[in-house]
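The values are calculated or read from the model by the stated rules, or taken from the named source; none is laboratory data. Because the structure is a prediction, the values reported are computed rather than measured. Note: ideal-geometry Cβ built from the backbone for every residue, glycine included; neighbour counts use all protein chains shown. Accessible surface areas use protein heavy atoms only, side chains included; no ligands, DNA or RNA. Shrake-Rupley method; radii C 1.70, N 1.55, O 1.52, S 1.80 Å.
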Amino acid sequence: MAGKSTARPRKLPVYLYIPNIIGYVRVLMNCVAFAICFSNKRLFSVLYFLSFVCDGVDGWCARKFNQVSTFGAVLDMITDRVSTACLLVLLSQVYRPGLSFLLLLALDISSHWLQMYSTFLTGKVSHKDVKDSTNWLFKAYYGNRMFMAFCCVACEVLYIILFLRAEKQTEDLIDLFFFLSGTYDLSQTKSISLAFTGSELIWMGNKTNYQCYTDEDSSRRLCAL
């Protein structure tokens, strides 16, 4: 009796994975958002923040439907970095000195590059794998998802608030500092602003640690090759 050949279910192309489709939607929302950023700041903020929220949704979908892929991870990271970079460039145009935001941009890009480079050298699958790390900030940041989510969300929200608050293209960061420190009689705004500012300082400290720790770790491993 001849054995019946069972047809295998067709495998869905990686480009049609649910998390990757969400990634395409994120790219589209960011393109529309930055196209109208000066003409409609509120709509820009809504679209930008929705794109940021989808960053968490696509990761959940990837794990839920077992659709994790290298293409999706690269698409996700590029979308994150490009969108944040564009927002920092916008802030550098409406605040003086704009160099401060460009330095944040350089820190963001270089720290992620060094972290990914160090990950490849160590042979790890994910750059979030810090089980054998001796850096306490790495472990605190990647070891606690709620803490990492708070830092990421607060940082992006702070950037959006700064952009919404800018009424003209010559805002002074010194005036902004006095606003955040509570010179104006806005007690509720002061507490919220300090919380966001604190998360930004933590984020910057983590990125700086990326620079120092990954550079040292990478050099050590290159010497061992």
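What to note about this one:
- Among the conditions (1) surrounded by fewer than 20 Cβ atoms within 10 Å (Cβ to Cβ); (2) assigned to a helix (DSSP H, G or I), the only one that residue 39 does not satisfy is (2).
- Test for residue 27: is it surrounded by fewer than 13 Cβ atoms within 10 Å (Cβ to Cβ) and part of a helix (DSSP H, G or I): no
- Considering the stretch 55-84, the residues that are open to solvent by 40 Å² or more (accessible area, probe 1.4 Å) and of a type in the set (Val, Ile, Thr) include one that is farthest from residue 34 (Cα to Cα), namely 68.
- Any hit, the stretch 56-75, residues being modelled with pLDDT of 90 or more, among the aromatic types (Phe, Trp, Tyr) and under 20 Å from residue 151 (Cβ atoms): yes
- Checking each residue in the stretch 28-77 for being farther than 23 Å from residue 17 by Cβ, hydroxyl-bearing (Ser, Thr, Tyr) and touching a residue at least 24 places away in the same chain (Cβ under 8 Å) picks out 45, 48.
- So residue 21, is it open to solvent by 70 Å² or more (accessible area, probe 1.4 Å), under 22 Å from residue 116 (Cβ atoms), at pLDDT 90 or above and in a helix (DSSP H, G or I): no
- Which numbered condition residue 52 fails, given (1) under 17 Å from residue 158 (Cβ atoms); (2) surrounded by fewer than 20 Cβ atoms within 10 Å (Cβ to Cβ): (2)
- Residues within the stretch 85-121 that are more than 21 Å from residue 138 (Cα to Cα) and either in contact with a Pro (Cβ under 9 Å, 6 or more places away or on another chain) or open to solvent by less than 30 Å² (accessible area, probe 1.4 Å) (or both), tallied: 10
- Looking across the stretch 60-117, just one residue is in contact with a Gly (Cβ under 6 Å, 6 or more places away or on another chain) and under 15 Å from residue 163 (Cα atoms), and that is 92.
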